[in-house]
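The values are calculated or read from the model by the stated rules, or taken from the named source; none is laboratory data. Source: prediction; values computed, not measured. Positions of Cβ are backbone-derived with ideal geometry, glycine not excepted, and every protein chain shown enters the neighbour counts. The accessibility values were calculated without ligands, DNA or RNA, using every heavy atom of the protein model including side chains. Shrake-Rupley method; radii C 1.70, N 1.55, O 1.52, S 1.80 Å.
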Amino acid sequence: MTTVTTNGASARVRIWRTPWLFLTPFLVLFAAMYLAPIAFAFIQSLFTLQRDGLGLTAPTLTFDPFANYARVFTDDEFLASLGRVLLFGIVQVPVMLGLALFIALLIDSKSARGRGFFRLGSFLPFAVPGVVAAVMWSFLYSPVTSPINGFLESAFGFSIPFFSDGLALWSVANVVTWCWTGYNMLIIYSALQTIPAETLEAAKIDGASSWRTAWSIKIPMVRPALILTTVFSIIGSAQLFNEPTVLKSISGGAITSTYTPLMAAQSQVAAQNYPYAAAESVVLALLVGVTSFVFFKITGRGDR
Amino acid sequence: MTPTLASATRPRGQRDTTPASRFGVMAVLLLAAFYFLMPIWWLIVAATKPAGHQFSGSGLWFDGFGLVENIALVFDVNDGIFGTWMLNSIFYSGTAALIGTIISAMAGYAIAKYAFRGRGVVFGVILAAVLIPKVMFTLPLFLMFNQIGLLNTPLAMLLPSIVSPFGVYLASVFAAQSVPDELIEAGRLDGAGEFRIFRSVSMRIMTPALVTIFLFQFVEVWNNYLLPAMVLNDSSLQPVVVGLVGWSASNGNVPAGTVVVGAFLSIIPLVIAFLSLQRFWRAGLTAGAIK
């Protein structure tokens with residue numbers, strides 16, 4: 001491959017082979033760490049685990065391709081967890097991206113000073129690992145230690161029940177929003193920087209107000225960035241795991257071990273019910289894949 | 001990147017803003033900054049308070065100084081396991097990001113700079129993999145590792161962490177932008193082999209991009225919780241995020257104050273990396289936005 005030759009035929013062979021040689025290490029690992037596990041999980045999901053009544057002998061595997069999937073779609077806890085992340089996504093994703101877009105537009109506006117500080121300030125939470133952020137917020141939420149409630153109690157005489165049945169999901173949503181708003185804001189902000197100065201100049205000459213410019217020029221022009229961040233956020237919601245897992249221990253039972261689909265699947269692994277856990281993760285991966293595919297198709301990015 | 005240059009040419013236009021709009025914009029931005037920075041500020045303040053008093057006082061201001069003593073305490077609990085966790089995190093993140101960056105650079109370069117049959121398919125598969133997050137593959141990985149006996153070994157953490165479809169995607173975008181075809185052609189005319197050209201010409205030009213890829217992957221591995229939590233049972237093999245969650249869920253076996261100081265220590269390396277390498281972060285985010 002490394003010898004240079006003037007012979008046309010072997011030069012073509014060299015060029016044909018080279019890119020694949022460059023790709024080989026990645027493709028081999030990709031196949032082993034992405035494709036093989038999914039295939040393995042799929043095959044395993046086609047079996048069911050039979051335990052004898054007394055548990056004296058080792059459980060045996062029986063081929064029964066639909067049993068686990070039938071169970072997934074009648075499993076109330078799993079279905080409830082799906083509904084919960086759906087609700088979470090419908091509320092949290094627009095709130096977070098609305099906030100990210102709003103802050104990006106404000107930092108981009110002519111009235112802003114200290115742009116660098118605000119950009120970095122919003123992005124800094126992204127440097128905090130998701131679970132560490134959750135550990136940190138668990139102290140800010142905890143009935144015993146919460147400085148937020150400490151302040152509210154002494155100033156206004158009330159406190160926020162962060163883990164009441166109605167609020168627990170939104171306490172989780174707040175941690176996610178805190179971590180990811182700045183990241184999304186920077187993606188949108190970067191897109192705003194690519195709008196040509198002449199376009200904005202023309203709008204100003206035409207007498208458009210800042211609000212009008214933002215609404216009619218800037219937002220439409222950052223649409224690709226908004227679509228990208230939306231897709232990534234939807235996927236992020238579907239895989240919700242870290243934050244609720246950490247907050248579970250101080251939630252006083254409001255967050256259960258099957259709170260999200262991934263937590264439900266993980267609790268099946270913990271119970272050594274591998275085939276059923278495999279079925280749950282296959283269903284989840286399919287749902288996420290189909291959702292983001294559909295979203296890309298609807299918004300017209302997929303047909304490049 | 002071009003977009004950052006564009007901002008410099010944008011007129012600053014101090015004149016055409018009113019005091020009212022400046023006040024409004026700054027008020028909202030300060031409020032947002034308070035929301036984003038308050039928890040981190042609280043963590044720093046709490047970590048400096050004397051041992052056992054992490055939750056006393058207002059929460060937002062200093063009250064005595066015990067940071068040194070606190071740090072000593074964190075490294076002392078459970079026979080100094082915290083130090084092991086930090087080293088594990090550095091080892092996993094550093095090794096996976098280093099190998100991963102090289103592999104991603106090779107793959108991205110091949111996709112950007114060679115026309116070959118199957119290129120579209122390969123790129124499509126990689127893009128699809130960027131969209132389906134790693135977490136989705138973690139449970140299947142656990143089931144597979146369980147079968148082949150890889151559980152509870154560093155390889156179970158390292159092998160999946162090395163593969164980064166997003167890194168390949170970034171590398172292909174950067175290679176297409178920055179490595180001129182003429183330079184590769186010139187190398188060929190000089191009689192250099194393809195790999196030699198890649199190593200001594202293209203890799204050099206791509207260095208800033210490679211730093212970006214390394215950073216993104218380093219942080220991704222450092223922050224990954226589910227994978228190590230599932231495949232590493234042995235406490236001495238775990239990275240710091242898993243260890244900390246274990247402490248925080250220990251129902252007071254490890255004092256809450258110690259968990260706070262541990263959390264503070266665990267984010268220092270990443271915060272330093274963020275603050276000192278901002279340029280590279282923006283390059284990566286920009287590439288994501290333009291595509």
> Could you say whether any residue in the stretch A:84-94 is touching a Phe, Trp or Tyr at 6+ places or on another chain (Cβ under 6 Å) and either of a type outside the set (Asp, Glu) or part of a helix (DSSP H, G or I) (or both)?
Replying inline: no
Scanning the stretch A:110-129 for residues that are among the aromatic types (Phe, Trp, Tyr) and without any contact (Cβ under 8 Å) to a residue 60 or more places away in the chain, the one most open to solvent (accessible area, probe 1.4 Å) turns out to be A:117
So, first residue assigned to a loop (DSSP other than H, G, I, E, B) in the stretch B:227-252, second residue of a type in the set (Gly, Ala, Ser) and open to solvent by less than 10 Å² (accessible area, probe 1.4 Å), Cβ within less than 7 Å, six or more apart or across chains; the pairs are B:232/B:156; B:239/B:89
Within the stretch A:161-183, residues surrounded by 24 or more Cβ atoms within 10 Å (Cβ to Cβ) and of a type outside the set (A, V, I, L, M, F, W, C) come out as A:181, A:182
The lone condition residue A:98 fails out of (1) open to solvent by 70 Å² or more (accessible area, probe 1.4 Å); (2) at pLDDT 95 or above is (1)
| query | Within the stretch B:148-164, can one find any residue that is surrounded by 18 or more Cβ atoms within 10 Å (Cβ to Cβ) and more than 11 Å from chain A (Cβ to nearest Cβ)? | reply | yes
When restricted to A:233, A:251, A:257, the only residue in a loop (DSSP other than H, G, I, E, B), crowded, with 18+ Cβ neighbours inside 10 Å and out of contact with any Asp or Glu (no Cβ under 7 Å at 6 or more places or on another chain) is A:251
Reported set for the stretch B:114-136 where residues are under 17 Å from residue A:24 (Cβ atoms) and basic (Lys, Arg) is B:117, B:119
Against the condition under 20 Å from residue A:128 (Cα atoms), of a type in the set (D, E, K, R) and surrounded by fewer than 23 Cβ atoms within 10 Å (Cβ to Cβ), how does residue B:220 come out, does it pass? yes
The one condition residue A:179 fails out of (1) assigned to a loop (DSSP other than H, G, I, E, B); (2) within 30 Å of residue A:227 (Cβ to Cβ) is (1)
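Condition check ((1) hydrophobic (A, V, I, L, M, F, W, C); (2) out of contact with any Leu (no Cβ under 8 Å at 6 or more places or on another chain)) across all residues:
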{"residue": "B:81", "(1), (2)": "yes, yes"}
{"residue": "B:105", "(1), (2)": "yes, no"}
{"residue": "B:108", "(1), (2)": "no, no"}
{"residue": "B:111", "(1), (2)": "yes, no"}
{"residue": "B:116", "(1), (2)": "yes, yes"}
{"residue": "B:121", "(1), (2)": "yes, yes"}
{"residue": "B:131", "(1), (2)": "yes, yes"}
{"residue": "B:134", "(1), (2)": "no, no"}
{"residue": "B:138", "(1), (2)": "no, no"}
Here the qualifying pairs (Cβ atoms under 8 Å; residues six or more apart or on different chains; first in the stretch B:24-51 and at the interface with chain A (Cβ under 7 Å from one of its Cβ atoms); second open to solvent by 40 Å² or more (accessible area, probe 1.4 Å) and of a type in the set (A, V, I, L, M)) come out as B:32/A:99; B:42/B:60
_Please determine whether any residue of the stretch B:62-72 is part of a helix (DSSP H, G or I), of a type in the set (S, T, N, Q) and modelled with pLDDT of 85 or more._
yes
Going by the conditions given, is residue A:158 open to solvent by 20 Å² or more (accessible area, probe 1.4 Å), assigned to a loop (DSSP other than H, G, I, E, B) and either under 16 Å from residue A:245 (Cβ atoms) or touching a helix residue (DSSP H, G or I) at 6+ places or on another chain (Cβ under 9 Å) (or both)?
-> yes
Residue set A:97, A:105; condition more than 7 Å from chain B (Cβ to nearest Cβ), under 18 Å from the mean Cα position of the chain (by Cα) and over 12 Å from residue B:36 (Cβ atoms); output residue A:97
Taking the stretch A:184-206 and the residues there that are open to solvent by 60 Å² or more (accessible area, probe 1.4 Å) and in a loop (DSSP other than H, G, I, E, B), the one that is nearest to the other protein chains (Cβ to nearest Cβ) would be A:194
